[in-house]
Amino acid sequence: MSDLLARLEATIQARKTADPASSWTAKLLAKGPEKCAEKFGEEAVEAIIEAVKNDRAKLASEAADVLYHLMVMLAARDVTLAEVYAVLEQREGTSGIAEKAARPGA
């Protein structure tokens with residue numbers, strides 16, 4: 001599965017320089033990081049709604065939209081999947097309660 005995310009990340013990166021008239025990703029990125037974040041938030045809410053409704057097929061579809069828009073938002077701020085994976089690896093095996101308690105300001 002990570003190969004799929006890597007391919008998607010590469011496609012999103014390539015779209016940064018594409019004509020916004022030819023690509024939804026390019027159009028979204030051209031609107032700036034704030035718009036990318038807004039769109040991610042909208043998709044996350046849609047996924048939440050489908051989770052509450054318990055519609056597995058629609059939830060899977062909305063979750064795919066969430067992952068895509070998360071990756072676009074990350075690309076808009078030049079954050080790579082490798083950086084996200086590094087944080088996840090640091091947290092692996094640590095209790096969520098302990099991890100949150102260790103955060104600055106916790």
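May I ask you to verify whether Ala101 is open to solvent by 50 Å² or more (accessible area, probe 1.4 Å) and in a helix (DSSP H, G or I)?
Numbers: open to solvent by 50 Å² or more (accessible area, probe 1.4 Å): yes; in a helix (DSSP H, G or I): yes.
Yes.
When region 19-40 is filtered for residues that are loosely packed, with under 13 Cβ neighbours inside 10 Å and either assigned to a helix (DSSP H, G or I) or among the hydroxyl-bearing types (Ser, Thr, Tyr) (or both), the ones remaining, listed by number, are Ser22, Trp24, Glu34. Would you mind telling me which numbered condition in (1) free of Cβ contacts under 8 Å to residues at least 40 places away in the same chain; (2) in a helix (DSSP H, G or I); (3) closer than 22 Å to Asp3 by Cα Ala51 fails? For Ala51, the failing item is (3).
Every residue in region 2-14 that is of a type outside the set (A, V, I, L, M, F, W, C) and open to solvent by less than 90 Å² (accessible area, probe 1.4 Å), please. Answer for region 2-14, where residues must be of a type outside the set (A, V, I, L, M, F, W, C) and open to solvent by less than 90 Å² (accessible area, probe 1.4 Å): Ser2, Glu9, Thr11, Gln13. For the residues Leu88, Leu67, Leu59, the requirement of being open to solvent by 80 Å² or more (accessible area, probe 1.4 Å) and more than 21 Å from Ala14 (Cβ to Cβ) singles out Leu88.
In region 28-37, the condition of being at pLDDT 95 or above and under 24 Å from Arg103 (Cβ atoms) is met by at least one residue. Here is a check on your reading of the model: is Arg56 more than 17 Å from the chain's Cα centre (by Cα), at pLDDT 95 or above and on the phi < 0 side of the Ramachandran plot? Against the criterion (more than 17 Å from the chain's Cα centre (by Cα), at pLDDT 95 or above and on the phi < 0 side of the Ramachandran plot), Arg56 qualifies. Here is a check on your reading of the model: is Leu74 surrounded by 15 or more Cβ atoms within 10 Å (Cβ to Cβ) and of a type in the set (A, V, I, L, M)? Spelling it out, Leu74 is indeed surrounded by 15 or more Cβ atoms within 10 Å (Cβ to Cβ) and of a type in the set (A, V, I, L, M).
Only a single criterion out of (1) within 12 Å of the chain's Cα centre (by Cα); (2) surrounded by fewer than 13 Cβ atoms within 10 Å (Cβ to Cβ) is not satisfied by Leu81, namely (2).
The values are calculated or read from the model by the stated rules, or taken from the named source; none is laboratory data. The structure displayed is predicted, hence computed values, not measured ones. Neighbour counts are summed over all protein chains in view; Cβ atoms, including those assigned to glycine, are modelled from backbone coordinates with ideal geometry. Keep in mind that these areas ignore ligands, DNA and RNA; they rest on the heavy atoms of the full protein, side chains included. Shrake-Rupley method; radii C 1.70, N 1.55, O 1.52, S 1.80 Å.
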